[in-house]
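The values are calculated or read from the model by the stated rules, or taken from the named source; none is laboratory data. Source: prediction; values computed, not measured. A quick note on method: Cβ atoms are made from the backbone with ideal geometry, for glycine too, and the neighbour counts reach across all protein chains shown. Quick note on the areas: whole protein, heavy atoms, side chains included, nothing else; ligands and nucleic acids left out. Shrake-Rupley method; radii C 1.70, N 1.55, O 1.52, S 1.80 Å.
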Amino acid sequence: MSEAPAGTKRDILKLLIKQELSVQTLAEMLSVTPAAVRQHMETLEALGLVTRRKLVTQPSRPTYLYRLSPEGSRIFPKRYDLLLGLVVDVILEREGPLAVEDIVRAAAERLAAQVGERFGRADERRRWDLLVDWLERELAWHADVRASDGGARRIVIHQCPFQDVSRDHPDVCRTFFTALIRGLCGDVAVDALASPPAPACCGLVVRPANPPPPGEHRNGR
């Protein structure tokens with residue numbers, strides 16, 4: 001979904017953060033009619049932002065309780081970047097920059113091991129499509145990914161979980177995504193993009209360790 005719901009729909013989602021609620025309860029809390037709430041719920045359910053379960057009170061008129069879906073929870077901003085920045089600062093003070101780099105790399109390698117199976121069986125192009133979609137959905141990652149001759153991909157990262165942290169610790173973002181991509185894509189070389197266009201967070205160039213023969217171009221995202 002390109003834009004988060006606004007107005008009453010967003011108010012409904014905020015109320016569903018803490019508990020399941022019925023249409024009638026939501027209507028009372030929002031001072032609107034149950035019919036209006038039902039219309040909003042139909043839209044939110046179609047968008048995949050809420051789920052419902054039947055609570056049988058009367059056989060002929062069941063009540064449904066609504067709750068946020070995992071997708072609905074993702075529309076609300078989370079300050080993981082604030083916590084991460086504090087953690088990085090503490091490690092840096094106590095152990096130094098090499099320790100920060102080692103920990104970030106280890107975290108990326110562990111994440112790659114956890115999710116790698118879902119990408120491993122796809123062909124190269126499909127694997128990149130799945131990877132980019134997953135990064136956008138799970139890690140708030142927005143980037144331009146362009147394929148070029150020789151099977152390389154130029155990645156310009158505009159937003160990621162390290163957006164704020166990278167202002168003070170620019171190597172954190174590059175270290176994490178370099179290790180993650182290597183862990184998920186196998187035998188590839190990953191280099192930092194020398195001059196990513198502003199205001200991009202950073203950039204990477206991913207090249208196959210065994211490039212295709214001259215004249216052969218592997219299409220990709």
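Some observations on this one:
- Region 48-157: trypsin sites (Lys or Arg not before Pro) in DSSP loop, at most 11 other beta carbons within 10 Å: 78, 79, 121
- Cβ-defined net charge surrounding residue 196, 15 Å radius [Lys, Arg +1; Asp, Glu -1]: +2
- DSSP loop GluC sites (Glu not before Pro) with at most 10 other Cβ within 10 Å excluded, longest remaining stretch of the chain: 4-215
- Only protein heavy atoms count here; on that basis, with a 1.4 Å probe, residue 76 has an accessible area of about 30 Å².
- Across region 169-178, computed HN-Hα scalar couplings (Karplus, 6.51 cos²θ - 1.76 cosθ + 1.60, θ = phi - 60°) run 10, x, 6, 4, 4, 4, 4, 5, 6, 5 Hz from first to last residue, x flagging Gly and Pro.
- Residue 163 versus residue 30: modelled label distance in nm, points set 7 Å from Cα along the beta carbon direction: 2.7
- Of 13, 82, the order by accessible heavy-atom surface (1.4 Å probe, DNA, RNA and ligands excluded), from most exposed downward, is 82, 13.
- Per residue, the solvent-accessible area of the chain (1.4 Å probe, heavy atoms of protein chains only, all protein chains present) comes to 61 Å².
- Computed in the context of the full set of protein chains, the accessible area of the chain at 1.4 Å probe radius has 49% of its extent on carbon or sulfur.
- Cα centroid of region 145-193 to Cα centroid of region 21-97, whole Å: 31
- Helix-derived mean residue ellipticity, 222 nm - over the chain, DSSP H n ≥ 4, -39500 (n - 2.57), to 500: -15000 deg cm²/dmol
- Extension gain for the segment residue 110 to residue 149, taken as residue separation times 0.36 nm less the Cα-Cα distance, is 10.9 nm to one decimal.
- Given the alternatives [x] 17.5; [y] 20.4; [z] 19.8, Kirkwood radius over Cα pairs in Å as computed for this entry is given by [y].
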